[in-house]
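Asker: Supplied in structure tokens, the structure appears directly below.
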Amino acid sequence: MTRPDARITRLAETGRTPLWFRLDGREVAALAGDSVLTAVLANAPALRLAEFGTEGRAGFCLMGACQDCWIWQENGPRIRACSTPVAEGMRLLTRTPEAWP
Amino acid sequence: MTAIETARPTAPRIVIVGAGPAGIRAAETLVKAGLRPVVVDEGARAGGQIYRRPPAGFQRSAEQLYGSEAGKARSLHDLFDRMAATGALEHVAQSSVLAVGGGGKDAGLHVLTPDGRRVLPCDRLILATGATDRLAPLPGWQAPGVYSLGAAQIALKAQGVALGRRIVLAGSGPLLTLVAVQLRKAGADIAAVLDTAPLTRQAAALPALLARPVFALRGMMMRARLGRLYRSGVTLQEIETDENGPVAIRWTSAAGRVQRSECDMVGLGWHLRAETQLAGLAGCRFEYSELWSQWLPQADRMGRVADGVYLAGDGLRILGADGAEIAGRLAATACLQDLGLAAPDPAADLQRLARMERFATGIARAFPWPAAQVQALPDATVICRCEGVTAGHLRQTAAYGGAEANRVKSLGRIGMGRCQGRFCQIAAAELIAGQAGCKPAEIGRLRDQAPVRPAPVGAWVQDAPP
Ligand code: FES
């Protein structure tokens, strides 16, 4: 289930229950127990664009220390992708929502 | 009747921050003495980073996850789960301590929980906050697909994934080879393992490393297993990137030949950096350690900073998981002594600690901070990944603003980003010192600022139900 533009590759624990969430408006799959970071990067190369540069950002430490992995939701607050479990029906955005001031 | 109701009404309120090996052993020691500590931890399940557990429902065994350390991991996990299940301690999971209340620990700890903010009353505080990777910047390291070595290991252990298809691991320290071996075993494609430590340094440190012969031997065997993938004494030049991330890393071999390894993921790390921000906020003093190339907290042999504040584990001395277990017991023992309660005899643990320290000194010497490589970084290199502050900007700021870490921070924004300097401050100190022609120790230590993790304003104003 690794997509061609995915960043991560799954090496183990692939027998978990699949679940679905929305990423930039399209329906994509993840596995129960994935972090938001794992779930997004199994479908895309980055979590968001850097605020102070042009490159994408995909997390860095995976232990809650660098804050590089914040991602936007369609509604509601941004979430720290490395420490938040993905949930069925989440609506995530790798681009800043336009309504944001 | 719950355990808290049976506890003596005057029982001291002891908070342990961190549920890794140090925090778990500290909790055990207090529980054995009849106390009921509160353990605050950012993880969903206790274990810390090195013994980090996957979410419930994952299938791999402890042996698959932790290799030779499976027994230790399992006994720590079981011990903690038992204490939590019987109410012998209170586990505040998935929660970050953001601040030590104004006026010191007496004012309580400000904790961000999944349900909002909570202020934990606290008579005595044991900080077991661990460490992160110690990072040296490289041109291109801000690209997506460049991670810390710790991240590569967490991804594998806690999620069963590799953070790329073709992987280069670079830096130095025990984690470098360990992560490489673990990833290869799991089926990842490793293109190169690049160690900036020269073999001569590693050989010179051998006498100290023999304080723990099994560990020293295991490290050598891991390097041997990597064969030609492992290269020592390299200098890293640049991570070449396109819009999706790394495409290759350029490096110079020990013999001076320029090499290029194609990859789509780079893991970087130079051993560890103690996580000390809460210790700073709790009033701890620091001393610059030339050996570790970083500021480390000052505490007595037991981990006592002051009456009421104790440190344990990698956040105090970088001894690794076994050392952290010992330090956790010692810190809790110091706490019991200060409370005037019956405490276990620390003599044997103090002896073990000394052996761990000899070994750790050997590791620090064998796998040093790459000072020369950092000094030579081109001006265009991004030093602060959070806000894109470059080496050139930093050098200029130090030149006109003076070579003091906090001044350069306020003038040049280095260390002001969302990671609060965790991943740039050691390199920044090196560059500022290089500009001023002094030593990193002379430019001072960045002051700690609360909150030590960014908190959404909404969560901060919403109080968690008691
Ligand atoms: S990746 Fe560093 S905080 Fe999430």
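Asker: Putting +1 on Lys and Arg Cβ atoms and -1 on Asp and Glu Cβ atoms, find which of B:Trp292, A:Ala50, B:Val309 reaches farthest to the positive end of the dipole of the protein assembly as shown.
Answerer: The Cα lying farthest towards the positive end belongs to B:Trp292.
Asker: State whether region B:372-443 is rounded, prolate or oblate according to the following rule on the C-alpha gyration tensor (a ≥ b ≥ c being the square roots of its eigenvalues): a/c under 1.5 gives rounded; otherwise a/b larger than b/c gives prolate, and the remaining case gives oblate.
Answerer: rounded
Asker: Could I ask something else about it? For the protein assembly as shown, build the charge dipole from Cβ charges (+1 Lys, Arg; -1 Asp, Glu) around the Cα centre, then report which of B:His77, B:Ala192, B:Ala208 sits farthest towards its positive end.
Answerer: After comparing all options, I get B:Ala208.
Asker: Sticking with this one: For region B:125-189 and region B:15-78, write down the distance between their C-alpha centroids in whole Å.
Answerer: Cα centroid of region B:125-189 versus Cα centroid of region B:15-78: 21 Å apart.
Asker: Here's a follow-up. Ballpark to the nearest 100 Å², how much total accessible area do A and B bury together, probe 1.4 Å?
Answerer: 3500 Å²
Asker: Roughly how many Å² is the accessible area per residue of region A:18-93, as a whole number, for a 1.4 Å probe?
Answerer: Accessible surface, normalised per residue, equals 34 Å².
Asker: Mind checking the dipole of chain B: about its Cα centre, +1 per Lys or Arg Cβ, -1 per Asp or Glu Cβ, Debye to the nearest 20?
Answerer: Roughly 860 debye for chain B.
Asker: Mind pulling up the Rg/Rh value for region B:1-152? Radius of gyration and Kirkwood radius, both on Cα.
Answerer: Checking Rg against Rh, the ratio lands at 1.02.
Asker: Taking the Cα atoms of region A:18-93 alone, what are Rg (to one decimal) and Dmax (as a whole number) in Å?
Answerer: Just the Cα atoms of region A:18-93 yield Rg and Dmax of 11.5, 35 Å.
Asker: Quick one: among A:Gly25, A:Gly15, A:Gly56, which has the greatest mean-square fluctuation in a GNM of chain A with alpha-carbon springs under 10 angstrom?
Answerer: A:Gly15
Asker: Using a 1.4 Å probe on the protein chains only, how many percent of the accessible area of region B:135-270 belongs to carbon and sulfur?
Answerer: C and S fraction of accessible area: 55 percent.
Asker: Need one value for B:159-169: mean number of C-beta atoms belonging to other chains within 10 Å of its residues' C-beta atoms.
Answerer: Average neighbour count from other chains, rounded to a whole number: 6.
Asker: Something else now. When Lys and Arg each count +1 and Asp and Glu each count -1, what net charge do the other residues less than 9 Å away from B:Gly173, Cβ to Cβ, add up to?
Answerer: -1
Asker: A further question on this structure: Relative to the longest principal axis of the C-alpha atoms of chain B, give the angle of the C-alpha long axis of helix B:347-366, reported between 0 and 90° and rounded to the nearest 10°.
Answerer: 20 degrees
Asker: Indicate the gyration tensor shape class of the protein assembly as shown (rounded, prolate or oblate), computed on the Cα atoms with a ≥ b ≥ c the square roots of the eigenvalues: a/c under 1.5 is rounded; otherwise a/b larger than b/c is prolate and the rest oblate. Write down the numbers at each step before the final one.
Answerer: Numbers: a/c = 1.34, a/b = 1.17, b/c = 1.15.
Taking the square roots of the gyration eigenvalues as a ≥ b ≥ c, the protein assembly as shown is rounded.
Asker: Could you pull out every one of the lysines with an alpha carbon less than 26 Å from that of B:Lys32, ignoring same-chain neighbours closer than 8 positions?
Answerer: B:Lys72, B:Lys105
Asker: Rounded to the nearest 0.05, what FRET efficiency do B:Ala306 and B:Ala348 have when you use their Cβ-Cβ distance and R0 = 25 Å?
Answerer: So, using R0 = 25 Å, E works out to roughly 0.45.
Asker: Taking the solvent-accessible surface of protein heavy atoms with a 1.4 Å probe, what is the per residue accessible area of chain B in Å²?
Answerer: 39 Å²
Asker: Note down the net charge around B:Gln298, summing +1 for each Lys or Arg and -1 for each Asp or Glu among other residues with Cβ under 10 Å from its Cβ.
Answerer: Around B:Gln298, the charge tally is -1.
Asker: If I fit a long axis through the Cα atoms of helix B:21-32 and take the longest principal axis of the Cα atoms of chain B, what angle between them do I get, 0 to 90°, rounded to 10?
Answerer: 10 degrees
Asker: Another question, then. What percent does the relative contact order of region B:372-443 come to when contacts are Cα pairs within less than 8 Å and at least six residues apart?
Answerer: 31 percent
Asker: Got a number for carbon plus sulfur as a percent of region B:372-443's accessible area, 1.4 Å probe?
Answerer: On the way: 1410 of 2700 Å².
Percent of accessible area from carbon and sulfur atoms in region B:372-443: 52.
Asker: Could you work out, residue by residue across B:135-146, how many beta carbons of other chains sit within 10 Å of that residue's beta carbon, and then give the average as an integer?
Answerer: If you average over the peptide's residues, the count of other-chain Cβ atoms is 4.
Asker: Something else: Only residues of region B:39-70 count here: report those whose backbone N is under 16 Å from the spot 7 Å along Cα→Cβ of A:Thr17, or say none.
Answerer: So the set is B:55-59.
Asker: Select from region B:34-82 all residues whose loss of accessible area on going from the chain by itself to the full protein assembly reaches 20 Å² or more (probe 1.4 Å).
Answerer: When all protein chains are present, B:Glu42, B:Gln49, B:Arg52, B:Phe58, B:Arg60 each give up 20 Å² or more of accessible surface.
Asker: Sticking with this structure for a sec: Using alpha carbons only, what's the Rg to Rh ratio of region B:102-256 with Rh from Kirkwood?
Answerer: Over the Cα atoms of region B:102-256, Rg/Rh equals 1.08.
Asker: Please check region A:1-46 for residues whose accessible area, probe 1.4 Å, is lower by 20 Å² or more when all protein chains are in place than in their chain alone.
Answerer: The answer is A:Arg7, A:Ile8, A:Thr9, A:Leu11, A:Ala12, A:Glu13, A:Arg16, A:Gly33, A:Thr38, A:Pro45 - residues whose exposure falls by at least 20 Å² when every protein chain is included.
Asker: Now a separate question. For region B:185-224, what does the alpha-carbon gyration tensor say about shape, rounded, prolate or oblate, given a ≥ b ≥ c as the root eigenvalues, a/c under 1.5 as rounded, and a/b over b/c as prolate?
Answerer: oblate
Asker: For chain A, give the percent of accessible area contributed by carbon and sulfur heavy atoms, probe 1.4 Å, rounded to a whole number.
Answerer: Exposed carbon and sulfur together represent 56 percent of the surface.
Asker: Right, here's the next one. Which one, B:Pro114, B:Pro346, B:Thr397, is farthest towards the positive end of the dipole of the protein assembly as shown when Lys and Arg carry +1 and Asp and Glu -1 on their Cβ?
Answerer: Final value for the positive-end residue is B:Pro346.
Asker: While we're on this one: On a 0 to 90 degree scale, rounded to 10, what angle separates helix B:70-85 from the longest Cα axis of chain B?
Answerer: Result, in degrees: 40.
Asker: Okay, moving on. Sum up the charges of everything whose Cβ sits under 14 Å from the Cβ of A:Ile71, counting Lys and Arg as +1 and Asp and Glu as -1, but leave A:Ile71 out.
Answerer: After counting each charged neighbour, the total is +4.
Asker: Treat every Asp and Glu Cβ in region B:116-182 as -1 and every Lys and Arg Cβ as +1, leave all other atoms uncharged, and give the resulting dipole magnitude about the Cα centre to the nearest 20 debye.
Answerer: 160 debye
Asker: Might you report the magnitude of the Cβ-based charge dipole of region B:161-235 about its Cα centre, with Lys and Arg at +1 and Asp and Glu at -1, to the nearest 20 debye? Present the calculation step by step, with values, prior to reporting the outcome.
Answerer: On the way: 11 positive and 2 negative charges, 34 e Å.
Approximately 160 debye in magnitude.
Asker: For chain B, what is Rg from Cα atoms divided by 2.2 N^0.38 Å, rounded to two decimals? Mind dumping the intermediate values first?
Answerer: Numbers: Rg = 22.0 Å, N = 466, 2.2 N^0.38 = 22.7 Å.
So the Cα radius of gyration is 0.97 times the expected 2.2 N^0.38 Å.
Asker: Follow-up question, since we're still on this one. Let me know the longest stretch in chain B that avoids all GluC sites (Glu not before Pro) found in a DSSP loop with at most 12 other C-beta atoms within 10 Å.
Answerer: By the stated rule (loop sites, at most 12 other Cβ atoms within 10 Å), B:1-242.
The values are calculated or read from the model by the stated rules, or taken from the named source; none is laboratory data. Since this is a predicted model, take the numbers as computed values, not measurements. We place every Cβ from the backbone using ideal geometry, glycine too, and count neighbours over all the protein chains shown. Accessible surface is based on the protein model in full, side chains and every heavy atom, while ligands, DNA and RNA are left aside. Shrake-Rupley method; radii C 1.70, N 1.55, O 1.52, S 1.80 Å.
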